[in-house]
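The values are calculated or read from the model by the stated rules, or taken from the named source; none is laboratory data. All of these numbers come straight from a predicted model, not from anything done at the bench. Virtual Cβ from ideal backbone geometry, glycine too; neighbours counted across all protein chains shown.
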Amino acid sequence: MIPITETIAIDESEIQEEFIRASGPGGQNVNKVSTAVQLRFDVGKSPSIPDQVRERLFLLAGKRITGGGVLIIDARRFRTQERNRRAALDRLVSLVRRAAEMPKPRRRTRPSQTARVRRLETKRKRAKKKLLRQPVSPFED
C-alpha cells in the first residue's frame, strides 16, 4: 500500500508501469536502455479513492487523464529507471494529496463604502484627464 493521507492509501496493484526509451541525457545508453517511466493509474475505477477526491483529481490532472479515466504520468528526467520510477510515484502521490485537500469555501464579500468612493473618485480623475487630451474645437465659445 502506498500511503497518501491518513485515510487514503493506493494499492500497488492499481498502478501499472511501462518503461520506454527516453530522449535527453544518457549518452549511448539512451538508444539501448528503456529508462523513462510511463505510470498509469485508473482513477475512474480505483476503489482506494473517495468520490469527492476523484472529482477534484479529474479537474487537477487536466490533460494527463484519458477519456477512459486513466491518469498517465511520464517521468524521463533521470538516467536510471529506479529514479524515474520514484519521480513518477512521487508526482502521483502529490497530485492525489492536492486533490484530497478540501477547497476553502468562498465567502461573498462587498466592497466597503470608502473603497466605493475611492473607485468613483479615480474614475472621475481619469475621465477628466482624458477629456483634457481632446483637441479644442475653434467654433466653441
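Remark: PHE41 matches the filter, which requires a residue to be surrounded by 14 or more Cβ atoms within 10 Å (Cβ to Cβ), of a type in the set (Phe, Trp, Tyr) and under 18 Å from SER13 (Cα atoms). Identification of helices (runs of 4 or more DSSP H) wholly contained in the range 51-141 with 3 or more residues that are surrounded by 11 or more Cβ atoms within 10 Å (Cβ to Cβ) and within 26 Å of the chain's Cα centre (by Cα) yields 51-61, 81-100.
Count of the range 91-126 residues, restricted to those that are touching a residue at least 60 places away in the same chain (Cβ under 8 Å) and not basic (Lys, Arg), is 4.
Being part of a helix (DSSP H, G or I) and at pLDDT 80 or above: is that true of LEU39 here? No; evaluated as a whole, the condition is false for this residue.
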